[in-house]
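A.B. asks: Handing you a structure now.
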Amino acid sequence: MTQLSTLAGAFLALATLWFLNRRRRSSSLPLPPGPKGLPLIGVVDIPIKAPWLVYEEWTKKYGDMIYLESFGSSMLILNSARRVKDLLDRRSAKYSSRPRMVMIREV
């Protein structure tokens, strides 16, 4: 009987985590397209050696901005210089949490 209760508790915990994760994602803006992974695990077919080859294939399928989750980590893959420059150069002040240092940089 204890094995059954332990199994039921583990299943309930995993179901709760899955539900909370889905709820968190559904309230935000839509994410860029990307490969769909397994529930609670995410994408597992990223190779350790030369992952850029897989990213290049995904770029042909999903576009030059790819979003994926793997083992609880979220990744945004930018596969064009235009996207990198737009997000990391032009919009860097928007995404940075550092305050502007007016006295040090601009005076």
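A.B. asks: Residue-wise, which Karplus ³J(HN,Hα) couplings in Hz belong to region 52-68, taking 6.51 cos²θ - 1.76 cosθ + 1.60, θ = phi - 60°, and x for glycine or proline?
C.D. replies: After applying 6.51 cos²θ - 1.76 cosθ + 1.60, I find 5, 5, 5, 4, 5, 5, 5, 4, 5, 8, 10, x, 8, 10, 10, 10, 8 Hz.
A.B. asks: Please give every one of the lysines within straight-line cross-link reach of residue 60, meaning a C-alpha to C-alpha distance under 23 Å, and leave out same-chain neighbours fewer than 8 residues apart.
C.D. replies: Straight-line reach from residue 60, under 23 Å: 36, 49, 85.
A.B. asks: Quickly work out the residue 5-to-residue 56 label distance, labels modelled 7 Å from Cα along the C-beta direction, and quote it in nm with one decimal.
C.D. replies: Distance between the two pseudo-spin positions: 5.7 nm.
A.B. asks: Leaving ligands and nucleic acids out of the surface, order 41, 66, 48 by accessible area at 1.4 Å, largest first.
C.D. replies: The residues order as 48, 41, 66, largest area first.
A.B. asks: At 0.36 nm per residue, and after removing the present C-alpha to C-alpha distance, how many nm does the segment from residue 86 to residue 48 gain when stretched out fully?
C.D. replies: 10.8 nm
A.B. asks: Please compute the alpha carbon radius of gyration of region 1-94, then divide it by the globular-protein estimate 2.2 N^0.38 Å. Two decimals is fine.
C.D. replies: Taking the Cα Rg and dividing by 2.2 N^0.38 Å, one obtains 1.42.
A.B. asks: Excluding ligands and nucleic acids, what accessible area in Å² is computed for residue 75 using a 1.4 Å probe, to the nearest 10?
C.D. replies: We get 60 Å² for residue 75.
The values are calculated or read from the model by the stated rules, or taken from the named source; none is laboratory data. From a predicted model like this one, the values you see are computed outputs, not experimental measurements. Virtual Cβ from ideal backbone geometry, glycine too; neighbours counted across all protein chains shown. Ligands, DNA and RNA are stripped out before the accessible areas are found, and what is left, the full protein with its side chains, is counted by its heavy atoms. Shrake-Rupley method; radii C 1.70, N 1.55, O 1.52, S 1.80 Å.
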